[in-house]
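This report concerns only the one structure given below.
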Amino acid sequence: MQLDIAFIIEKLLLISVILLGSLGIAMYATWAERKVAAVMQDRRGPNRAGFMGLFQPLADGLKLFFKEEIIPDRSTRFLFILGPALAMLTAVMTSAVVPWGPDIVTENGVITLQVADINIGILFIFGVVSLGVYGVMLGGWASNNKFSLLSSIRAASQAISYELAMGLSLVAMLMMTGSLSLREIVEQQHGFWDAGYFTWNFFKQPLGFFIFLVCAFAELNRAPFDLPECESELNMGYHQEYSSMKLGFYLFAEYINLFISSTVIATLFFGGYNFPFMDQVAASVSPVLFAIICVLTLLTKAICIILFFMFIRWTLPRFRYDQLMRLGWKSLIPLALVNMVITGAVILWVIK
Amino acid sequence: MGVYEIIFWFLTVMALSCALGVILSRNPVNSVLFLIATFFAISGHYILLNAQFLAIVNIIVYAGAIMVLFLFVIMLMNLNADTEPQKNRLVQIAGAVSGGTLLLVILAALRTSTITTLDQASTDIGLIKNLGKTLFTQFVLPFEISSVLFLSAMIGAVVIGKKEKEQTA
């Protein structure tokens, strides 16, 4: 097996750009969240640090870094540190399989704007998502605090329950695409309109999209499903004993997850980097410029979905725990199964 | 030694040492974590064998779901090293004897067996398309029967988990 140095450098560059980009976007997602909340509640929101409070995320980060690190005496030290590390690790891992743009064909070869085009891309995302709960569980347990423990148990049961419906809703979509590779799924959604129908999966699988979206809310632990950090019942939730940057990593991982899952939703259901009339644009501009436009398209879609997540958070109240479980097991899973059967019937008799 | 061998030996050592960690660590939570690491090492082996689907399913099902439930139960019962019951000396001796007997049987079975070497031809059967086609054509009957088995297990779990109706006198 021969190692290709140029290949490794190209991939390392791509990975660093994606990592830094997602960190930056996650950082400003915290700012956007507070601004959105402020606008919806008739307040001004952060406006002291810099123009419109744009330096607020930096100030928050500095504050967290300089705070005192406290590791509780009765905690399990190793796992206490491992918790936030795992949360951060699983948050950024998903970005590896997202296709950020089309291939750039130059004289020297083809540059792929995707870290790894594995033929089981969606399953990889599921694998990482299912591991994401370990960060919360281990952190909560290692804190040796009853509230943290309760919170992490809630988080685990919530994640497991909603993963099922999420998987089932995607099965229907995969029956239509016939591929698990994210790149192929995006390429099937080329343009916007083809052969008398929309190409984007959102129009082919509206119910599947709806179920997936609800499950994404639950998997992200965002309101109305943010029961693991329900202040009124659990003080602060699983990160009660955490201070300084370890707390920062937990909070930050949530925003990275938010960005990455918005990108995945955009990729799966809203055509990824595809946009209407892309063939005409591709014919008239250089390949590099076209790739940049495509990446910007994907980012725009992702940011719209992030904003949608935020609007929901500041609109709906939190579910009660039994309501959450009932919704997951008794509504979403049967709905996803029905969606699967309907999709199968349509593929069998209508589309052929 | 190429990259392949290095990765292979690294994964092998990792799998074996983590498996030892599962049975040797006193804290049940550490055992579960070692078991998760073992699953990752095994998944790495699957990827080396070009069986990507098996590798990722191993992670989703075992590391992602079953081990979460294990951890869940252990956390709920709050098992710690200090709550571990002191085992009776008799039980310890019985365990050592039975374990040693099992080792003897395995050694005796392995001693006479011959090592068959497989040729290192690259195979694509582990890729999801080929695997799906094989499962739904050549092996469709065993596949469906095993799914019926799962269904019956699920129904059994529901029946056991159902609350009994209160007796009205």
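The values are calculated or read from the model by the stated rules, or taken from the named source; none is laboratory data. Owing to the predicted nature of the structure, the values given are computational and were not obtained by experimental measurement. Quick reminder, even Gly has a Cβ in these numbers, built from the backbone with ideal geometry, and neighbours come from all protein chains shown.
Looking at A:L268, A:L337, A:L299, A:L316, just one residue is of a type outside the set (F, W, Y), crowded, with 18+ Cβ neighbours inside 10 Å and under 25 Å from A:E163 (Cβ atoms), and that residue is A:L268. Just one residue in the set A:V92, A:V110 is of a type in the set (V, I, T), more than 12 Å from chain B (Cβ to nearest Cβ) and within 19 Å of A:S262 (Cβ to Cβ); that residue is A:V92.
With the condition kept exactly as written, say whether any residue in the stretch A:184-203 is away from chain B (no Cβ under 14 Å), in contact with a strand residue (DSSP E or B) (Cβ under 7 Å, 6 or more places away or on another chain) and assigned to a loop (DSSP other than H, G, I, E, B). The answer is yes; a qualifying residue exists. Of all residues in the stretch A:120-165, those that are more than 7 Å from every other protein chain (Cβ to nearest Cβ) and touching a Leu at 6+ places or on another chain (Cβ under 7 Å) total 13.
Hey, any hits in the stretch B:54-71 for a residue that's surrounded by 10 or more Cβ atoms within 10 Å (Cβ to Cβ), at pLDDT 85 or above, within 14 Å of chain A (Cβ to nearest Cβ) and in contact with a Leu (Cβ under 6 Å, 6 or more places away or on another chain)? The answer is yes; a qualifying residue exists. For the stretch B:28-53, the set of residues classified as within 15 Å of the chain's Cα centre (by Cα) and more than 11 Å from chain A (Cβ to nearest Cβ) consists of B:S31, B:F34, B:L35, B:A37, B:T38, B:A41, B:I42, B:G44, B:H45, B:Y46, listed by residue number. Residues satisfying the criterion are absent from the stretch B:104-121 (criterion: in contact (Cβ under 8 Å) with a residue 24 or more places away in the chain, assigned to a loop (DSSP other than H, G, I, E, B) and closer than 27 Å to B:L49 by Cα).
Each row is one residue, and each column tells you yes or no for (1) buried (at least 23 other Cβ atoms within 10 Å of the Cβ); (2) not aliphatic (A, V, I, L, M).
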{"residue": "A:W193", "(1), (2)": "no, yes"}
{"residue": "A:G196", "(1), (2)": "no, yes"}
{"residue": "A:M236", "(1), (2)": "no, no"}
{"residue": "A:Y242", "(1), (2)": "yes, yes"}
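Checked against the criterion of being more than 14 Å from chain B (Cβ to nearest Cβ), of a type in the set (S, T, N, Q) and either surrounded by 15 or more Cβ atoms within 10 Å (Cβ to Cβ) or assigned to a helix (DSSP H, G or I) (or both), the candidates A:S22, A:S75 yield just one match: A:S22.
For the stretch B:6-27, indicate whether the set of residues that are among the hydroxyl-bearing types (S, T, Y), assigned to a helix (DSSP H, G or I), more than 18 Å from A:A159 (Cβ to Cβ) and within 13 Å of chain A (Cβ to nearest Cβ) is non-empty. Steps first, please.
Of the residues in the stretch B:6-27, the ones among the hydroxyl-bearing types (S, T, Y) are B:12, B:17, B:25.
Adding the requirement that they be assigned to a helix (DSSP H, G or I) leaves B:12, B:17.
Checking which are more than 18 Å from A:A159 (Cβ to Cβ) leaves us with B:12, B:17.
Among the residues that remain, those that are also within 13 Å of chain A (Cβ to nearest Cβ) are: none.
Checking the stretch B:6-27: not a single residue is among the hydroxyl-bearing types (S, T, Y), assigned to a helix (DSSP H, G or I), more than 18 Å from A:A159 (Cβ to Cβ) and within 13 Å of chain A (Cβ to nearest Cβ).
When you look at A:F225, is it surrounded by 22 or more Cβ atoms within 10 Å (Cβ to Cβ) and part of a helix (DSSP H, G or I), yes or no? Criteria not met by A:F225. Is it the case that A:W31 is more than 19 Å from A:L298 (Cβ to Cβ), aromatic (F, W, Y) and surrounded by 12 or more Cβ atoms within 10 Å (Cβ to Cβ)? Spelling it out, A:W31 is indeed more than 19 Å from A:L298 (Cβ to Cβ), aromatic (F, W, Y) and surrounded by 12 or more Cβ atoms within 10 Å (Cβ to Cβ). The C-beta contact set for the stretch A:311-333 (first residue within 25 Å of A:A38 (Cα to Cα), second residue part of a loop (DSSP other than H, G, I, E, B) and of a type outside the set (A, V, I, L, M), distance under 6 angstrom, 6+ apart or interchain) comprises A:R313/A:R222; A:L316/A:P224; A:R318/A:P224; A:F319/A:P224.
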